């Protein structure tokens, strides 16, 4: 019984923590996905989002994310901080992650730019026993439920890990990649237990097609289409996010596929595929977005959803420099 519980906790952590760690929209949690995105906009930026993968199930998956990043053009750098939480089955397994990221910006030409990023983060995992019953809690005489001496509940897994990434970009296009979980740490709850170590890999690209060329200086075009492709892999788990969005300021509508269509069906298992529909309202430096996930197979779990907000502050003159040889190019989102 005890070892079965260990296996279930470990399996849940791998399946949900790895395969579903990314939110509904493929370009959410940018700093966690690739530290090279920090400072991609000239203005300081904060972001926050909430996602519920299975709202109709008590054993759902909830992800919260907060990030802030800053462009420091005078030092050819970008920096940021992020905090994320993952709650599985009413916080039976809870994962917290706090990270710092930094990247260095290089102008390759008048058109092309490059950012190389590094990140470090502290991660903790803990089990909440409020909704669990262990064999030693059940009295063999009366059947009453008492306290437990289960050592699993006395432990919390804490470790430090690192990430890195790159980004090549111009005013209407970018392509990049990121890797996290670089260091192998003990990430299982039993003493001396070991588990497989998987790098979290991500490759991503975006192309913007401008429809309305008339726009004010330092402002985005009024009408454009973004095409997005994101591939992620962690050990045997793979996910492809592909789609696009159409923006007619201040409204943006998008549709994305999430899954891996090239994966073969295995007996007794379901392919985790979904369509994600995006609605975003952006006015000046403030934006709100809502994502609705429609799974292909697991309809009883409910349709996942995600809401978020982002805000850009005025540029900080102290970090912008007085003698930049050219106007720095922003990373389009």
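The values are calculated or read from the model by the stated rules, or taken from the named source; none is laboratory data. All values derive from a computational prediction rather than experimental measurement. No Cβ is skipped: glycine too gets one built from the backbone with ideal geometry, and neighbour counts run over all protein chains shown.
Residue-level analysis places residue 79 among those that are out of contact with any helix residue (DSSP H, G or I) (no Cβ under 8 Å at 6 or more places or on another chain), at pLDDT 85 or above and either outside any strand (DSSP E or B) or closer than 19 Å to residue 169 by Cα (or both).
Here's the yes/no breakdown for (1) touching a strand residue (DSSP E or B) at 6+ places or on another chain (Cβ under 7 Å); (2) surrounded by 22 or more Cβ atoms within 10 Å (Cβ to Cβ); (3) modelled with pLDDT of 90 or more; (4) not in a loop (DSSP other than H, G, I, E, B):
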residue	(1), (2), (3), (4)
36	yes, yes, yes, yes
41	yes, no, no, no
50	yes, no, yes, yes
56	no, no, no, no
62	yes, no, no, yes
65	yes, yes, yes, yes
68	yes, no, yes, yes
71	yes, yes, yes, yes
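Scan region 169-192 residue by residue and report those that are touching a strand residue (DSSP E or B) at 6+ places or on another chain (Cβ under 7 Å), outside any strand (DSSP E or B) and at pLDDT 80 or above. Within region 169-192, 172, 181, 182, 183 qualify. From the list 164, 234, which one is under 22 Å from the mean Cα position of the chain (by Cα) and at pLDDT 95 or above? Testing whether each residue is under 22 Å from the mean Cα position of the chain (by Cα) and at pLDDT 95 or above leaves just 164.
Does residue 202 fit the bill of being surrounded by 14 or more Cβ atoms within 10 Å (Cβ to Cβ) and either at pLDDT below 70 or under 29 Å from residue 312 (Cα atoms) (or both)? Yes, satisfied. Filtered by the rule that a residue be buried (at least 16 other Cβ atoms within 10 Å of the Cβ), farther than 30 Å from residue 198 by Cα and in contact with a strand residue (DSSP E or B) (Cβ under 6 Å, 6 or more places away or on another chain), region 238-261 gives 245, 247, 252, 254. Cβ contacts < 6 Å: first residue touching a residue at least 60 places away in the same chain (Cβ under 8 Å), restricted to region 156-173; second residue outside any strand (DSSP E or B) and surrounded by fewer than 17 Cβ atoms within 10 Å (Cβ to Cβ), any location; separation 6+ or different chain. Result? Final answer for the pair search is 170/111; 170/112. Whether a residue is modelled with pLDDT under 95 and either under 24 Å from residue 314 (Cα atoms) or in contact with a strand residue (DSSP E or B) (Cβ under 7 Å, 6 or more places away or on another chain) (or both) was assessed, and residue 103 does not pass this test.
For first residues located in region 255-278 and more than 17 Å from residue 293 (Cβ to Cβ), partners that are assigned to a strand (DSSP E or B) and at pLDDT 60 or above and lie 6+ apart or on another chain with Cβ distances below 7 Å form the pairs 263/238.
Residue-wise test of (1) crowded, with 17+ Cβ neighbours inside 10 Å; (2) touching a strand residue (DSSP E or B) at 6+ places or on another chain (Cβ under 9 Å); (3) modelled with pLDDT of 65 or more; (4) under 20 Å from residue 38 (Cβ atoms).
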| position | (1), (2), (3), (4) |
| --- | --- |
| 276 | yes, yes, yes, no |
| 287 | yes, yes, yes, yes |
| 291 | yes, yes, yes, no |
| 306 | yes, yes, yes, no |
| 313 | no, yes, yes, yes |
| 330 | yes, yes, yes, yes |
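Just one residue in the set 85, 95 is over 18 Å from residue 287 (Cβ atoms), outside any helix (DSSP H, G or I) and at pLDDT below 90; that residue is 95.
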